[in-house]
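Colleague: Can you keep this structure in mind? I'll have questions shortly.
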Amino acid sequence: MFKVRSDEPEYAFLWDKETKKVSRYGTKIELAPEGSEQREQPLKINDEVLVSENPHRYKQHGFYFNADNCIGCHACEAACSEKNDNPPHIAFRSVGFVEGGSYPAYQRINISMACNHCEDPVCLKGCPTRAYTKYTEYGAVLQDPDICFGCGYCTWVCPYNAPQLDPVKGQVSKCNMCVDRLEVGLKPACVSACLGNALNFGVIENVPENREECKTEIPGFPSPEITRPNIRFQQMRSTELEMTRTDAMPIKYHKKTDDGKFKPVVDEKFGKERHWNWKKLLGSHESSHVMFTLGTQAVMGAFFLLILGDMLGVDSIEAVKDSGALLPLLGVMFVIQAFGLFKLNMHLGKPHRFYRGFNNLRYSPLSREILGVTIFFGSFVAYAFCSLFDHPFFAVLRGVFATTGVIGGLGGLYYMYRIYRIKARPFWDHWQTGTAFFGNTISLGALLTGLVTLPVMTAGGESTALLKVLSGLFLLGLVMEIIGHLFHGRDMNRLGNEGAASWYVQTTTYGYSWITRNVLLGIALILGITVLLVPANLGVGLWFVLAAVMLAAAVISRSLFFVLVIPTTMPGAFFWKNKGFQEHAREIGLADMEQVGVVHEGHHKFKVDELWETIRSTSPRQIYQHIRDIFIWKPVP
């Protein structure tokens with residue numbers, strides 16, 4: 001427990017005397033009434049149990065930030081990092097700023113931000129390992145790095161850049177509200193260190209002495225509607241009608257005349273010139289997701305085609321299952337799916353903890369996607385194995401595994417789509433994500449089936465009917481995808497927020513790559529129609545050309561999907577929390593200097609000895625307990 005110094009200043013102690021009963025979001029500030037079960041579980045910190053004498057211990061606490069007083073000294077950052085022993089490249093609290101006007105009428109608003117311990121913490125619901133817990137003590141949202149396996153999904157869903165994924169350790173950590181200090185009556189370290197009296201802390205909705213406002217938004221702060229954050233602001237100085245970010249995000253903020261709130265709009269700071277940027281596009285951090293999602297959708301599409309085509313009595317599909325092309329097709333599908341799963345697992349910060357992805361089936365769409373894909377892959381492997389035998393018993397098993405494979409695959413595909421419907425990432429939060437994923441499942445599934453089976457069926461003179469079915473399905477999936485792209489572009493530009501900024505980056509920074517994708521999709525559409533109309537012999541030859549064109553278009557399109565997204569995150573500074581500076585530092589070698597606060601990724605280097613140690617030290621009883629915990633859901637405290 002934190003030790004109180006004998007010379008602790010008065011302003012470092014919690015000050016709440018009276019509190020309100022309901023927050024402005026309409027929820028109770030009292031999190032655990034007297035006599036409730038929640039109060040029977042004492043908070044344990046560093047193996048020490050202490051029942052605090054704070055009368056407001058079970059009420060929702062939060063930060064209060066007076067932007068008028070913040071001088072941008074970064075003392076709060078330093079105090080937080082010193083308290084939590086953070087390395088230079090990790091900061092739970094950071095100070096960014098927005099600015100407006102021009103000399104001499106220049107204005108800057110500093111914003112100090114950490115975790116807001118939200119009423120609706122999307123990090124908790126998103127985390128597949130259940131590393132997050134919202135405690136009744138102070139309403140703190142705490143995260144356990146020892147449970148985390150480093151997928152980084154919480155960093156996607158959080159609008160405030162609170163969870164920090166360490167690229168060296170491969171795990172997430174974040175602000176813990178300094179609950180050890182709260183237990184002894186002290187405010188968080190960042191608050192106590194603030195030189196300008198800009199930061200304060202207490203029961204939410206309480207306005208500190210000598211403060212007049214208690215707002216939920218200031219320029220640069222994302223919409224509080226996403227998570228209902230527990231932070232309140234004062235910002236009374238008049239501002240310019242337009243405030244800009246100093247980091248690389250092409251976002252600025254316009255004040256609306258009706259309510260005085262600031263709305264994010266596109267800042268065309270990169271100009272209108274188009275570029276290729278192939279290296280950034282195809283070599284991004286999310287390339288593993290590109291390979292996994294495309295590969296999985298192709299394999300699922302081919303599997304659905306085999307099973308559902310057989311169930312519906314499609315003669316050409318039944319002919320495939322009775323031909324010598326079935327086993328080679330299943331073998332290719334297995335290789336693609338296994339490789340995609342391997343790349344995705346190695347993308348984790350802690351690959352040997354992959355099994356923890358099932359921990360949060362109750363809340364996390366990512367956990368459900370993992371479960372669905374696992375059921376699909378397991379059923380597919382079992383189905384392929386049973387296909388090696390002609391015995392009636394194995395035929396029955398094939399039917400069972402075909403059913404579970406389709407159910408698991410559809411569930412996995414649906415939640416693969418759902419995990420990207422993130423309010424904090426408007427470019428993804430659109431139904432076009434669904435048309436792209438489901439469209440690719442149909443089109444790539446048909447392409448994969450045709451690449452393996454058409455040469456065999458052509459040799460037997462049975463390719464005509466199959467080619468018509470496959471080309472028709474391919475066109476269906478492709479048209480779905482193209483329609484989604486058209487509506488997506490229209491809707492993003494109408495939004496005018498971070499989604500429109502992503503669209504702006506797509507048409508400038510990656511402008512020529514985006515045009516190439518569109519041209520390839522157009523060529524694929526023409527080729528698909530041609531294959532449907534021409535004789536089978538010519539169509540089979542064109543099928544391979546079509547596959548190459550569509551694969552290139554799919555890779556570019558999915559890479560753009562991951563690279564372009566701009567989150568509704570807090571503004572950075574010139575160097576700190578600035579994506580542009582981070583890229584620059586890695587390119588010219590500044591990242592090799594520890595004090596710069598930018599590092600190269602290191603967690604992707606898989607350690608076999610670490611995996612072996614995990615296997616060796618895990619007892620059968622622990623394995624049983626873990627499986628039991630997965631399927632016996634417990635309510636989050």
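Colleague: Report those helices (runs of 4 or more DSSP H) wholly inside the range 287-354 carrying at least 1 residues which are under 18 Å from the mean Cα position of the chain (by Cα), surrounded by fewer than 18 Cβ atoms within 10 Å (Cβ to Cβ) and among the charged types (D, E, K, R).
Modeller: 326-347
Colleague: Now a separate question. Do the conditions hold for SER238, that is, is it of a type in the set (Gly, Ala, Ser) and modelled with pLDDT of 95 or more?
Modeller: no
Colleague: Looking at LEU142, is it surrounded by fewer than 23 Cβ atoms within 10 Å (Cβ to Cβ), assigned by TED's automatic domain parsing to the domain that holds HIS89 and at pLDDT 95 or above?
Modeller: So LEU142 passes the test.
Colleague: Hey, another quick one. Does VAL456 fit the bill of being over 37 Å from the mean Cα position of the chain (by Cα) and at pLDDT below 95?
Modeller: yes
Colleague: For ALA91, state whether it is under 27 Å from the mean Cα position of the chain (by Cα), of a type in the set (A, V, I, L, M), in a loop (DSSP other than H, G, I, E, B) and surrounded by 15 or more Cβ atoms within 10 Å (Cβ to Cβ).
Modeller: It is true that ALA91 is under 27 Å from the mean Cα position of the chain (by Cα), of a type in the set (A, V, I, L, M), in a loop (DSSP other than H, G, I, E, B) and surrounded by 15 or more Cβ atoms within 10 Å (Cβ to Cβ).
Colleague: With respect to GLY72, determine if the residue is part of a loop (DSSP other than H, G, I, E, B) and within 25 Å of THR244 (Cβ to Cβ).
Modeller: yes
Colleague: Among the residues of the range 198-207, which ones are of a type outside the set (Asp, Glu) and out of contact with any Pro (no Cβ under 9 Å at 6 or more places or on another chain)?
Modeller: Listed by number, the residues that qualify are ALA198, VAL203, ILE204, ASN206, VAL207.
Colleague: Right, here's the next one. Taking the condition of being over 19 Å from GLY496 (Cβ atoms), surrounded by fewer than 18 Cβ atoms within 10 Å (Cβ to Cβ), of a type in the set (S, T, N, Q) and more than 31 Å from the chain's Cα centre (by Cα), how many residues in the range 226-264 meet it?
Modeller: Total meeting the criteria: 1.
Colleague: For the range 478-532: of the residues being outside any helix (DSSP H, G or I) and at pLDDT 95 or above, which is surrounded by the fewest Cβ atoms within 10 Å (Cβ to Cβ)?
Modeller: Across the range 478-532, the extreme among qualifying residues is THR508.
Colleague: Which numbered condition trips up ALA436, out of (1) part of a helix (DSSP H, G or I); (2) more than 30 Å from CYS158 (Cα to Cα); (3) small (Gly, Ala, Ser)?
Modeller: Tallying (1) part of a helix (DSSP H, G or I); (2) more than 30 Å from CYS158 (Cα to Cα); (3) small (Gly, Ala, Ser), ALA436 fails exactly one: (2).
Colleague: Those residues that are closer than 30 Å to MET492 by Cβ and either surrounded by fewer than 21 Cβ atoms within 10 Å (Cβ to Cβ) or hydroxyl-bearing (Ser, Thr, Tyr) (or both), I need them from the range 393-424; list them, please.
Modeller: LEU410, GLY411, TYR414, TYR415, TYR417, ARG418, TYR420, ARG421, LYS423
Colleague: Output yes when any residue across the range 98-119 is of a type in the set (Lys, Arg), under 21 Å from THR216 (Cβ atoms) and assigned by TED's automatic domain parsing to the domain that holds ARG39, and no when none is.
Modeller: No; the residues of the range 98-119 include none that is of a type in the set (Lys, Arg), under 21 Å from THR216 (Cβ atoms) and assigned by TED's automatic domain parsing to the domain that holds ARG39.
Colleague: Sort out which residues of the range 584-598 are surrounded by 15 or more Cβ atoms within 10 Å (Cβ to Cβ) and in a helix (DSSP H, G or I), and write them in order of number.
Modeller: Those that are surrounded by 15 or more Cβ atoms within 10 Å (Cβ to Cβ) and in a helix (DSSP H, G or I): HIS584, ALA585, ARG586, LEU590, ALA591, VAL596.
Colleague: Condition first: in contact with a helix residue (DSSP H, G or I) (Cβ under 6 Å, 6 or more places away or on another chain) and either within 19 Å of LEU542 (Cβ to Cβ) or among the basic types (Lys, Arg) (or both). Now tell me which residues in the range 477-519 satisfy that.
Modeller: Result: GLY477, LEU478, ARG517.
Colleague: Can you report the number of residues in the range 1-28 which are loosely packed, with under 11 Cβ neighbours inside 10 Å and at pLDDT below 90?
Modeller: Number satisfying all stated conditions: 8.
Colleague: Just to verify a result, which residue in the range 123-137, among those that are assigned to a strand (DSSP E or B) and either touching a residue at least 40 places away in the same chain (Cβ under 8 Å) or basic (Lys, Arg) (or both), is nearest to LEU182 (Cα to Cα)?
Modeller: LYS134
Colleague: Within the range 533-583, track down each residue that is small (Gly, Ala, Ser) and in a helix (DSSP H, G or I).
Modeller: Hits for the range 533-583 are ALA536, GLY539, GLY541, ALA547, ALA548, ALA552, ALA553, ALA554, SER557, SER559, GLY580.
Colleague: A further question on this structure: Within the range 394-409, track down each residue that is touching a residue at least 12 places away in the same chain (Cβ under 8 Å) and of a type in the set (A, V, I, L, M).
Modeller: Result: LEU397, ALA402, VAL406, ILE407.
The values are calculated or read from the model by the stated rules, or taken from the named source; none is laboratory data. Everything quoted here is computed from the prediction, not taken from an experiment. Neighbour counts run over all protein chains shown; Cβ positions are idealised from the backbone, glycine included.
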